[in-house]
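Reading through the structure tokens given below for one structure.
Read the figures in this text as sums done on the coordinates, not as results from a lab. Keep in mind that this is a model prediction, so the values were computed, not measured. Here the Cβ is made from the backbone with ideal geometry for all residues, glycine too, and neighbour counts use every protein chain on show.
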Amino acid sequence: MASTKGYLEFVLGQLSALDEISCRAMMGEYILYYRGKVFGGIYDDRLLVKLVPAAIELLPDAPRELPYEGAKEMLLVEEVDDRDFLCKLVESMWEELPEKKKRK
């Protein structure tokens, strides 16, 4: 099942306090970026974030789910209604996210 544009817009609205949030559509889903680094995505109308120490610390009981078959596990963010928490989560993850890979 592909994600809906409405859910993407809701999540982006929740993160609107942060500068440099962007997204890219990919096969019916959406990859989310903060300051040029991928921090997660919208998959089947679920917000999933990368498994980095800051995210694990802030979401210790979050279920680990696959965005799609064959992918690495990610953390399911269930607190999407809490705007302040979402912004804190994404900001705290940034330092631990890998740099964007350079294309050859």
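For region 50-67, which residues satisfy the criterion of being more than 13 Å from residue 98 (Cα to Cα), among the hydrophobic types (A, V, I, L, M, F, W, C) and in contact with a helix residue (DSSP H, G or I) (Cβ under 9 Å, 6 or more places away or on another chain)? Answer for region 50-67, where residues must be more than 13 Å from residue 98 (Cα to Cα), among the hydrophobic types (A, V, I, L, M, F, W, C) and in contact with a helix residue (DSSP H, G or I) (Cβ under 9 Å, 6 or more places away or on another chain): 54, 55, 58, 59, 62.
Residues that are polar (S, T, N, Q) and touching a strand residue (DSSP E or B) at 6+ places or on another chain (Cβ under 6 Å) within region 49-104 are absent altogether. When residues in region 45-90 are screened for being under 17 Å from residue 10 (Cα atoms) and of a type in the set (Phe, Trp, Tyr), 1 of them pass.
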